[in-house]
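Presented below is the structure to which this report refers.
All of the numbers you see were taken from the coordinates with simple rules; none came from a lab. This structure is a prediction, so every number in the text was calculated from the model and none was measured. Quick reminder, even Gly has a Cβ in these numbers, built from the backbone with ideal geometry, and neighbours come from all protein chains shown.
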Amino acid sequence: MDIDPTRACWVFIEDGIIKERQEFLPVNWGNITNLYLSENDLDYLKSLGWYKVTPRYSSYDNKTSRIQHYEYSIEGDNVFEINIVVPRAEADMQERYDLFMSDLRKERDKRLAETDWTQLQDVKDSHTDTWNNSWATYRNSLRNITNSFNNYSDIGEIIWPIKPNSGV
């Protein structure tokens, strides 16, 4: 099994060992020019030692795991790329949570700023208590939205409060 942190679509095998990994077939290789033009002739490429890589990935939860690297397995005339999944470190998960919360606060602050006008005294005086209360409730819900996400395991879809009808 061959280990690589990056992915490949083509590999060159010699004596049962992967010698080269490429995203694309090389234009020139050895004494062959325009090798890349042969990408649909798999039998010809295999005769030269070039094999198309077939992904064989295991599923994982991106919140709690990550791909550490890829391994390549030669099985007969096939080469498989296998993703090696490892648990995320606590620090990595905390960093993702901090970034998520920062983005959440920025969007929340933007939505609050867009509705600041509803809190001006002359605007409030010209509307009903129901109108004023609906905007106060909306803005309070925005301020409290960060309370829904206490740690990295809570990160998920954000359900934003619905903005009241401005009725201006």
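Some notes on this structure:
- Qualifying residue in the stretch 80-103 (condition: closer than 30 Å to Leu42 by Cβ and polar (S, T, N, Q)): yes
- Residue count for the stretch 115-139, restricted to those that are within 38 Å of the chain's Cα centre (by Cα), over 13 Å from Pro161 (Cβ atoms) and surrounded by 11 or more Cβ atoms within 10 Å (Cβ to Cβ): 2.
- Check on Lys19, basic (Lys, Arg) and part of a strand (DSSP E or B): yes
- Whichever residue in the stretch 81-135 is small (Gly, Ala, Ser) and part of a loop (DSSP other than H, G, I, E, B) and, among such residues, is nearest to Asp61 (Cα to Cα): Ala89
- Counting only residues that are touching a Phe, Trp or Tyr at 6+ places or on another chain (Cβ under 9 Å) and in a loop (DSSP other than H, G, I, E, B), the stretch 136-152 holds 2 of them.
- Top-ranked residue in the stretch 93-106 [being touching a residue at least 12 places away in the same chain (Cβ under 8 Å) and under 22 Å from Lys163 (Cα atoms); ranked as surrounded by the fewest Cβ atoms within 10 Å (Cβ to Cβ)]: Arg105
- Test for Ser65: is it among the small types (Gly, Ala, Ser) and within 16 Å of Phe12 (Cβ to Cβ): no
- Of all residues in the stretch 36-58, those that are surrounded by 13 or more Cβ atoms within 10 Å (Cβ to Cβ) have Cβ atoms under 7 Å from Cβ atoms of residues that are among the small types (Gly, Ala, Ser) and assigned to a loop (DSSP other than H, G, I, E, B), 6 or more apart or on another chain, in Val53/Ala8.
- Any hit, the stretch 89-103, residues being of a type outside the set (Val, Ile, Thr) and over 20 Å from the mean Cα position of the chain (by Cα): no
- Residue match in the stretch 72-92 (condition: out of contact with any Leu (no Cβ under 7 Å at 6 or more places or on another chain), of a type in the set (Ser, Thr, Tyr), over 28 Å from Trp160 (Cα atoms) and surrounded by 12 or more Cβ atoms within 10 Å (Cβ to Cβ)): yes
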